[in-house]
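Everything on this sheet refers to the single structure shown next.
The values are calculated or read from the model by the stated rules, or taken from the named source; none is laboratory data. If you're wondering where the values come from, they're calculated on a predicted model, not measured in any experiment. With ideal geometry, Cβ positions are generated from the backbone for all residues, glycine too; neighbour counts draw on all protein chains shown. These accessible areas exclude ligands, DNA and RNA; they are computed on the full protein's heavy atoms, side chains included. Shrake-Rupley method; radii C 1.70, N 1.55, O 1.52, S 1.80 Å.
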Amino acid sequence: MLWKDVCEIFRNIENTTKRLEKRAQFIKLIDKVKNPEDLKRICYITIGRVFPEWDEKELGVGEKLLINAIVSSGINKDKLLKAIHETGDIGLAVEKLKKEKKGTNLLFYQPLTVEDVYKTLKRVAEIEGEGSQKKKLRLISSLFVRANPLESRYLARLILGDMRIGMNVPTILEALSIYYNVPKEKLEKIYSVVNDIGLLAEKLAKNELDESLTIQVFRPIKPMLAQLTPSIEEALLEMGTAQFETKYDGARVQIHKKDDKVKIYSRRLEDITNSLPEIVNEFKKLPGEFIVEGECVAIQEGRPRPFQDILRRIKRKYDIHKISKEINLRVYLFDILYKDGKSYIDIPFKDRRKALEEFVGYENDWKKDREKIEKELKEHKIIDISYKLVTNKVDEAREFYNWSLDIGHEGVMIKNLKAPYTPGSRVRTMYKFKPTLENLDVVIIKAKKGMGKRKDWYGSFEIAVRDEEGNLYSIGHVGTGLSEEDLEMLKKEIDKIILEDLGDEVVVKPEIVLEVAYEEIQKSDKYKGGYALRFPRVVRFRFDKGKDDINTLDDVKQIYEIQRSRK
Ligand code: AMP
């Protein structure tokens, strides 16, 4: 399929704000694609990717390299920089200049196909070692030489990983469901396990929705997420009997093992195997093939260490061996998704827990095993199973909750014993309950240039939450809670992701996630979402999260209600 034909539909999609119209355009696109392989590529491209969502491989081409590649395809650098400044978008800038450029004769060239674009960019991603930048530049430039103005717009955006056409996976799934006449729920369910929109589309096109689209070792699954609950009472009222578990404040890990190989994935499905060698070793000793999930906590003298300690381990730039000597890690397993050829996704939580207990060989049942658990707090133990209490009694649950806080953890999880594992969704079958008002995970959307003491950095940051469709809503500005080191780091990171320079502030790609605390949530007319944070303060960076993992406007509403009911 020609790249030009895809780009024309992308333009139609971009030109409408209506989701249904976007979907209709995408259906038109599916209808035009004749070959399943191309459909697969187009699905990845539509969400600004070259690799599947579960694969952490990236193109690794920054703005600078892209600009140089465009320039070497025959565009004037000064004009390009000026146009980028004016439009705030390299895609539109290169399109504009290509249009202006007279005498380009694309007739000499073979028209670009989707395959050309896709395969070339894949090669770009694979180039490593000496002279790699030059080679990358040459390949990218060869695409721009052949691209017409509109084709260049989407080429540039694809390379930066942001198509700006307002398409997302849910809309693609809907379009596929309509076109291939398969229920949307069925596709959503398969997608939540394979996490690969291209593969799913390709299989649909080939009429092969089969076995290969189930859970598989080394293909990470989007984790099931929890909802907030205002109180233990309410959760129990809803669930009757529930399993309470200690809520650990660490990093969520998904551990996959097959033969002698173990891989560990973060909550964002990044492969973090290399940063956790002692955990890998321990899981290697366990028999069989499996996928289990847990929370990885740093422990010192029997008490959990602050979350930052564990994050530091997972961010690979630190000296792993040095740190691992000082701090012990423990993984508290809390779910099992697969074991020896059998998927556990659809079976009730009660049975999954039982399988997990058989897997580790004991229960950690707070009622029966409290003494053993307390004794083991100080022991060096790498794999453990979360502490549980199955009850329908509020008093008992509250006692367990207080005990969990006393031993240094952050609260409890409340789980419905009958519920299946629902990957990637925030469900009412799993609640979290913590003593303080929930901090919010927000993403930076703008940064204000600093003044006075902060003149070399950005001084404050506009932060946003999202809705279910991924639209962002500003909920205020934050400037406190940041050290000079943080500001320095933010300056560097933000400069890499600027989309538009507005003079005294810059609009940035929504990538940097912050956890913020605040005094309270207020209703506000100033912001489109209708809420604002009063006195927000940065608690920590959440490099383990991306813009899809931030809190939603619904969370904000819910916390607002909880806060009101507590007053
Ligand atoms: P959320 O990520 O917002 O759904 O909050 C729940 C998070 O708490 C999970 O993602 C886990 O990382 C973490 N967590 C800590 N302890 C547990 C537990 N016992 N069961 C499930 N999740 C837990």
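Shape index of the range 440-566: Rg/Rh, with Rg the Cα radius of gyration and Rh the Kirkwood radius from the inverse mean 1/r over Cα pairs, equals 0.96. Backbone N atoms of the range 522-565 closer than 11 Å to the 7 Å Cα→Cβ label point of Asn471 belong to residues 528-529.
Go through Asn181, Ser343, Ile383 and say which Cα lies farthest out towards the positive end of the charge dipole of the chain; charges sit on Cβ, +1 for Lys and Arg, -1 for Asp and Glu. My answer, from the dipole projection, is Asn181. Highest mean packing first, where packing is the average number of other Cβ atoms within 10 Å per residue, the peptides 158-167, 296-305, 120-129 line up as 158-167, 296-305, 120-129. When only the Cβ of Lys, Arg, Asp and Glu is charged (+1, +1, -1, -1), the dipole of the chain relative to its Cα centre reaches about 1360 debye. Projected label points at Phe543 and Asn281, each 7 Å from Cα along the beta carbon direction, are separated by 2.4 nanometres. Overall shape of the range 88-233 was characterised from the C-alpha gyration tensor. The equivalent ellipsoid obtained from it has semi-axes of 37, 19, 18 Å, in decreasing order. As a rough guide to protection, the peptides 87-95, 26-34 ranked by mean Cβ packing within 10 Å, highest first, stand as 87-95, 26-34. Note the angle between two axes, namely the Cα long axis of helix 132-146 and the longest principal axis of the Cα atoms of the chain, as a number of degrees from 0 to 90, rounded to the nearest 10. The helix 132-146 is inclined about 50 degrees to the chain.
Expressed as a fraction of 2.2 N^0.38 Å, the C-alpha radius of gyration for the range 48-160 is 1.03. Using just its DSSP H runs of length 4 or more, each adding -39500 (n - 2.57), the chain gives a mean residue ellipticity at 222 nm of -12500 deg cm²/dmol after division by all residues. Annotation: average projected area of the range 151-258 is 11.7 square nanometres, based on the convex hull of Cα atoms across all directions. Residue ranking by accessible heavy-atom surface, 1.4 Å probe, largest first, among Phe541, Phe461 comes out as Phe541, Phe461. Averaging the sequence gap over all C-alpha pairs within less than 8 Å and six or more residues apart, then dividing by the number of residues, gives the chain a relative contact order of 13 percent. Note on the range 428-469 and the range 22-62: Cα centroid distance 31 Å, given to the nearest whole angstrom. With the simple model of a label 7 Å out from the Cα in the direction of the Cβ, Thr17 to Lys82 spans 3.2 nm. Listed cross-link partners Lys189/Lys545; Lys186/Lys547; Lys186/Lys434; Lys222/Lys247 are compared with a 28 Å cut-off, the Cα-Cα value being larger for Lys186/Lys434. A crude spin-label estimate for the pair Asp486 and Leu225, with each label 7 Å from Cα along the Cβ direction, gives 2.2 nm. On a 0 to 90° scale, report how tilted helix 394-406 is relative to the longest principal axis of the chain, with both axes built from alpha carbons and the result rounded to the nearest 10. Once rounded, one gets 70 degrees. Derived scalar couplings between HN and Hα for the range 244-250 equal 8, 9, 4, 9, 8, 9, x Hz in order, rounded to whole Hz, by the Karplus curve 6.51 cos²θ - 1.76 cosθ + 1.60 (θ = phi - 60°), x for Gly and Pro. Ordering 509-516, 353-360, 173-180, 241-248 by mean Cβ neighbour count within 10 Å, with the highest value first, yields 241-248, 509-516, 173-180, 353-360.
Its Cα centre serving as origin, the range 440-566 has a Cβ charge dipole (Lys and Arg +1, Asp and Glu -1) of approximately 440 debye.
With R₀ set to 45 Å, the beta-carbon distance separating Val394 from Leu139 gives a calculated FRET efficiency near 0.10. For the chain, the alpha carbon positions stretch 82, 61, 47 Å along the principal axes, listed from largest to smallest.
Solvent-accessible surface (1.4 Å probe) assigned to Met1 amounts to roughly 50 Å².
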